[in-house]
Amino acid sequence: MNLKDKVVEALKTVYDPELNINVVDLGLIYNVDVTDENDVAVTMTLTTPGCPLHDSITSGVRYSVQGIEETRNVDVTLVWEPAWSPEKMTPEGLRLLGR
């Protein structure tokens, strides 16, 4: 498994506490970049700009990726464009919401 795949798997351990769905299936992860030096940049969003769990979720993302032995530096960038919508969810995320 390459490092990017390991990062995505690690991100699946981070859950939105209100919805109890991981950030990958919820569609919050927009991009994962891994450099040749194993620096990782995660671009993500939240379901709403005023999300009260902002720090908890972004910290969970950072710590989950830092927990992978091969990673060197981890950068998490929170963006609001494009805005999150349920259409960004995976089929598994939609199933977990009962859709």
- Cβ-based net charge around ILE21, under 11 Å, with every Lys or Arg adding one and every Asp or Glu removing one: -2
- Candidates PRO82, PRO49, PRO17, ranked by Gaussian network fluctuation over the chain, Cα under 10 Å, top entry: PRO82
- May I ask which residue of VAL65, SER85, ASN31 lies farthest towards the positive end of the charge dipole of the chain, with charges of +1 (Lys, Arg) and -1 (Asp, Glu) on Cβ and the Cα centre as origin? SER85
- Which one is right for this structure if volume of the Cα convex hull per residue in Å³ is calculated from it: (i) 101; (ii) 161; (iii) 92? (iii)
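Values quoted throughout were computed directly from the atomic coordinates according to the rules given, and no laboratory measurement underlies them. All values reported here derive from a predicted model rather than from experimental measurement. Glycine also receives a Cβ, built like all others from the backbone with ideal geometry; neighbour counts cover every protein chain displayed.
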